[in-house]
1. Of all residues being out of contact with any helix residue (DSSP H, G or I) (no Cβ under 8 Å at 6 or more places or on another chain) and not in a helix (DSSP H, G or I) in the stretch 27-51, which is most open to solvent (accessible area, probe 1.4 Å)? Just the residue, please.
2. Can you say whether residue 112 is in contact with a helix residue (DSSP H, G or I) (Cβ under 8 Å, 6 or more places away or on another chain), buried (at least 16 other Cβ atoms within 10 Å of the Cβ) and within 22 Å of residue 24 (Cα to Cα), as far as the supplied structure shows?
3. Given (1) loosely packed, with under 14 Cβ neighbours inside 10 Å; (2) assigned to a helix (DSSP H, G or I), identify the lone condition not met by residue 87.
4. Could you run through the stretch 52-84 and say how many residues are within 26 Å of residue 8 (Cβ to Cβ), assigned to a helix (DSSP H, G or I) and not hydroxyl-bearing (Ser, Thr, Tyr)?
5. Quick check: anything in the stretch 69-92 without any contact (Cβ under 8 Å) to a residue 60 or more places away in the chain and at positive phi?
6. When you look at residue 24, is it at pLDDT 85 or above and either in contact with a Gly (Cβ under 8 Å, 6 or more places away or on another chain) or part of a helix (DSSP H, G or I) (or both), yes or no?
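The values are calculated or read from the model by the stated rules, or taken from the named source; none is laboratory data. Note that the structure is predicted; figures quoted are calculated from it, not measured. Backbone-built Cβ (ideal geometry, glycine too); neighbour counts: all protein chains shown. Surface areas here come from the heavy atoms of the whole protein model, side chains and all, with no ligands, DNA or RNA. Shrake-Rupley method; radii C 1.70, N 1.55, O 1.52, S 1.80 Å.
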Amino acid sequence: MRFTGLDATLYFVTSVWSFLVLFLMLRMRFGVRLRDWAERTSRFRVVQALIVMSLSLWWFELTQLPFDIHRHYVGLSYGLSVAALGIVVRRLGKSLLLGLVFVTLLGWILYGALRRSPRGWWFYSGWLLIPIVILVLFVTPIWIEPMFKQVRAAQRSS
């Protein structure tokens, strides 16, 4: 796929925006505040990981939503997409829920590695992520992609 001028501009703007949002989240100690709140809320590590990672993901995705909607309308105006906004929102919702499950699992693993080894957590979590990435590469075309193709099939029939 070749980038047009509009695609390249939108890609650049969303990339810069994403880095800016992540930088501001770091500067405002967003993760630390969420962690402290999660530790006060529950004593179970999985629940803490779910709280921290899900709220971080939701906040980040919420800041990206205007760009996703704009990208959809650009696709409609150039005839690259015929999907109604409701279908796009459903796809985004499915993607967000799948991301929530995956990010919670990763957050729980990274949080556990950080607790067990504050100095070497990056090394151990890096080794733990290798089999997870390989698993995701095999699972994605079999279980995840069909979830989104069903939406496309329903769109063609209507």
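1. As a first pass, look at the stretch 27-51 and keep what is out of contact with any helix residue (DSSP H, G or I) (no Cβ under 8 Å at 6 or more places or on another chain): 27-29, 32-33, 36, 40, 43-44.
Restricting the remaining residues to those that are not in a helix (DSSP H, G or I) gives 28-29, 43-44.
Working: 28: 109, 29: 140, 43: 191, 44: 113 Å².
The qualifying residue most open to solvent (accessible area, probe 1.4 Å) is 43.
2. no
3. So residue 87 meets the others, but not (1).
4. The number of residues fulfilling the criteria is 15.
5. yes
6. Values: at pLDDT 85 or above: yes; either in contact with a Gly (Cβ under 8 Å, 6 or more places away or on another chain) or part of a helix (DSSP H, G or I) (or both): yes.
When the stated conditions are applied, residue 24 passes them.
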